[in-house]
Amino acid sequence: MFAAGETVRVKNEWPEALGPVHIRTPHYVRGEVGEIVRYLGDFPNPEDLAFARPAERRPLYHVRFLKGAIWPEAKPDDELLIEIFGHWLERP
Amino acid sequence: MNILETDSARLLTAVRTLLEQKGIVSTAEVMERMATTDAANPGQGGRMVAKAWVDPAYRALLLSDGTKAAEALGIMMRGMPPLGVLENTPEVHNLVVCTLCSCYPRAVLGYPPFWYKSASFRARAVRDPRELLASEWKTVIPDAVKVRVVDSTADYRWMVLPVRPAGTEGWDEARLARIVREGDMIGVTVPGI
Amino acid sequence: MDKEAQRAHHDLGGASKFMCESVDIEPHGLTDFDREVDALRQMLAAKKLMTVDELRRGIESLPEADYHRLSYYQRWIRSITDTLLRHGVLTEDELRAALEGK
C-alpha cells in the first residue's frame, strides 16, 4: 500500500509488446515519477477481467504528475491526475 | 470473410435475434434499457452543480462522495461506477479526458458527446490542454490558473464542479442549474451569463 | 519520443499524429443503431455475460485502420459479437445462419 503524499514511479513496462493484453496505465506515464494523491479503493484487476479470468481486487490510486516532466512544451506546473493500480507503481 | 466484418447493422440484428431466441436478452429488455439510458442527461449534473453553489453542506458531500451526492438528488447510481467530483477554483481548472477509451460520468451527464470520444480530443487534452481549449472552445485559461488534466483510466468516473460565475448572486438553484452546460462539467468550457 | 513508439494504437494520450487534427465539437445525435448497441452491452454486462473490460479489449484488438474508420458503436458491436463467440454464447454457424435470414 502507498500513502497519500508518497512519491511513486510508474513501472516502465510494456506488456503489450509481448502479446494480447488490456492495460489501463497510459503509455505516456510509464517510467514517470508522481505523487499519490489518494487511495480510491480496491477494484478487480481489469487486466484479468478483460480476458474473463478470475480478477483479484487491487488497490487503485489517484496519482499526480507534473506535465512538464512528460511533455517539455507544456506549462511546467500544470498537472495530470491519473487513476493507476498499485501493481503498476513502485518506490523510486 | 471474417464474420465480424459483416455490416454492423446486420450484425446487430443477427446477434439480437439469436439472443432473443435463446432466451438470453429479450427485445423488451433492450428497449427498457434504452429508455433508462436515454433519460440520463446533463441537466442532472447541472442540478448537482447548482445545489453545490448554494448549499455548503451539499458541496462538501459532492466533493467527498459524488455517488452519494447524486443519489441525494434522486439520480440512480446503483450499478454505476463510483463518481468523483473535482472542484474548479480561482487557482485550478480541471479538464476530464479518457485517453484509452471514452470513460464518462454517464450516470449524471448521459451519453458522452461525439467530441469526447474523438481521437483528436483524447490525444490533445493531456498534452496541450490550454491550446485545445482555446482553439476549439474559445476557453482561455489564464496563465495564473493551473490546468489539471484528469485522465479517466479506471473504475471512477469524474465530473468537474465549475466556478459559480459572477453576476449570479441571489439566483435560486433552478435558475443556476439552467446556465450549467455539459462542457462545463468536463472542463472544456466555463459557465457564464 | 521512445514511449510514443511503443504505444498501442488505442492509447492516444499525446499521440503526435492527432495533435494538429481539429476536434469536431458539433453535436451528433445517436442513431437507433447506436442506442441499441449501447443498451445491449449493458444488458449483457447485467447478465454477467461480458465485462466492460472485455468490450474494451475487443475494441483495442481491432486493426488500427478499422479502429479509426469504424464509428464508435460499430466498434462496439464487433467487440460484443467477438466476445459472445469466444464464450460460446453464440456459435459462428448460428450467426452465419441468422445473417442469411434462416
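What's the total accessible area buried between chains B and C, using a 1.4 Å probe, rounded to the nearest 100 Å²?
Its buried surface, counting both partners, is about 4700 Å².
Could you order the peptides A:39-51, B:159-171, B:20-32 from most to least packed, using the average number of other C-beta atoms within 10 Å per residue?
A:39-51, B:159-171, B:20-32
Under 12 Å between alpha carbons, and skipping anything fewer than 8 positions from residue C:17 in its own chain: which aspartates and glutamates qualify?
Qualifying aspartates and glutamates at Cα under 12 Å: C:4.
If you fit an axis through the alpha-carbon atoms of helix C:32-46 and take the longest principal axis of the Cα set of chain C, what angle between them do you get, 0 to 90°, nearest 10?
Roughly 70 degrees between the two axes.
Ordering A:1, B:48 by how much accessible area each has at a 1.4 Å probe, largest first, what is the list?
A:1, B:48
Taking beta carbons within 10 Å but only from partner chains, what does the mean come to for residues C:30-40?
6
Mean separation of Cα pairs under 8 Å and 6+ residues apart, divided by the residue count of the range B:48-180: what relative contact order is that in percent?
33 percent
Just from its helices, what would the mean residue ellipticity at 222 nm be for chain C, if runs of 4 or more DSSP H residues each count -39500 (n - 2.57) and the sum is divided by every residue, rounded to the nearest 500 deg cm²/dmol?
Value at 222 nm, helices only: -16000 deg cm²/dmol.
Report, to the nearest whole %, how much of the accessible area of the protein assembly as shown belongs to carbon and sulfur atoms, 1.4 Å probe, protein only.
Carbon and sulfur: 53 percent of the exposed surface of the protein assembly as shown.
Rounded, prolate or oblate: pick one for the range C:1-77, where a ≥ b ≥ c are the square roots of the eigenvalues of its C-alpha gyration tensor, a/c under 1.5 means rounded, and failing that, prolate if a/b is larger than b/c, else oblate.
Here the range C:1-77 falls in the oblate category.
Using Cα springs under 10 Å in a Gaussian network model of chain B, which residue among B:120, B:102, B:152 shows the largest mean-square fluctuation?
Greatest mean-square fluctuation among the candidates belongs to B:120.
As an exercise, identify the trypsin sites (Lys or Arg not before Pro) in the range B:84-193 lying in DSSP coil whose Cβ has no more than 16 other Cβ atoms within 10 Å.
B:138, B:178
Using alpha carbons only, how many angstrom separate the centre of the range B:147-193 from the centre of the range C:29-102?
A separation of 33 Å, based on Cα centres.
Per residue of B:1-11, what is the mean number of Cβ atoms on other protein chains within 10 angstrom of that residue's Cβ?
Shielding by partners across B:1-11 averages 6.
With a 1.4 Å probe on protein heavy atoms only, work out how much accessible surface B and A bury together, total over both chains, in Å² to the nearest 100.
2100 Å²
Within a 10 angstrom radius of each residue's Cβ in B:90-101, how many Cβ atoms of other chains show up on average? Whole number is fine.
So the per-residue partner count for this stretch is 4.
Nearest 10 degrees, 0 to 90: what angle lies between the long axis of helix B:27-39 and the longest principal axis of chain B (Cα atoms)?
Tilt relative to chain B: about 10 degrees.
Rounded, prolate or oblate, given the Cα gyration tensor of the range B:43-185, with a/c below 1.5 counting as rounded?
Oblate, because a/c is 1.5 or more while a/b does not exceed b/c.
Add -39500 (n - 2.57) for each DSSP H run of 4 or more in chain B, then divide by its residues: what number comes out at 222 nm, to the nearest 500 deg cm²/dmol?
-12500 deg cm²/dmol
Got the relative contact order for the range B:101-148 handy, in percent, Cα pairs under 8 Å and 6 or more residues apart?
Reported as a whole number, the value is 20 percent.
Is the shape of the range A:7-90 rounded, prolate or oblate, going by the alpha carbon gyration tensor and its root eigenvalues a ≥ b ≥ c, with a/c under 1.5 for rounded and a/b larger than b/c for prolate?
oblate
Given the DSSP H assignment, sum -39500 (n - 2.57) over each helix run of at least 4 residues in chain A and divide by its residue total; what's the result at 222 nm in deg cm²/dmol, nearest 500?
-1000 deg cm²/dmol
Helix B:42-54 versus the longest principal axis of chain B: what is the Cα-based angle in degrees, 0 to 90, to the nearest 10?
Orientation of helix B:42-54: about 30 degrees from the principal axis.
Top mean-square fluctuation among B:62, B:176, B:18, Gaussian network model of chain B, C-alpha springs under 10 Å?
Highest fluctuation among the options: B:18.
To make sure I understand the rule: partners must be lysines, Cα under 18 Å from the Cα of residue B:51, and not fewer than 8 residues away in the same chain. Which ones qualify?
Result set, ordered by chain and number: B:68.
Express the relative contact order of the range A:7-90 as a whole percentage, based on alpha carbon pairs under 8 Å and six or more residues apart in sequence.
Relative CO of the range A:7-90 lands at 30 percent.
Comparing C:26, C:54, C:92, which has the greatest mean-square fluctuation in the GNM of chain C with Cα pairs linked when under 10 Å apart?
C:26
Which of the cysteines found in chain B have nothing to pair with, since no other Cys Cβ lies under 4.7 Å from theirs?
B:101
The values are calculated or read from the model by the stated rules, or taken from the named source; none is laboratory data. This is a predicted model, so every value here is computed, not measured. Here Cβ is always computed from backbone atoms with ideal geometry, including for glycine, and neighbour counts include all displayed protein chains. For the accessible areas, the whole protein counts, side chains as well, though only heavy atoms, and no ligand, DNA or RNA atoms are used. Shrake-Rupley method; radii C 1.70, N 1.55, O 1.52, S 1.80 Å.
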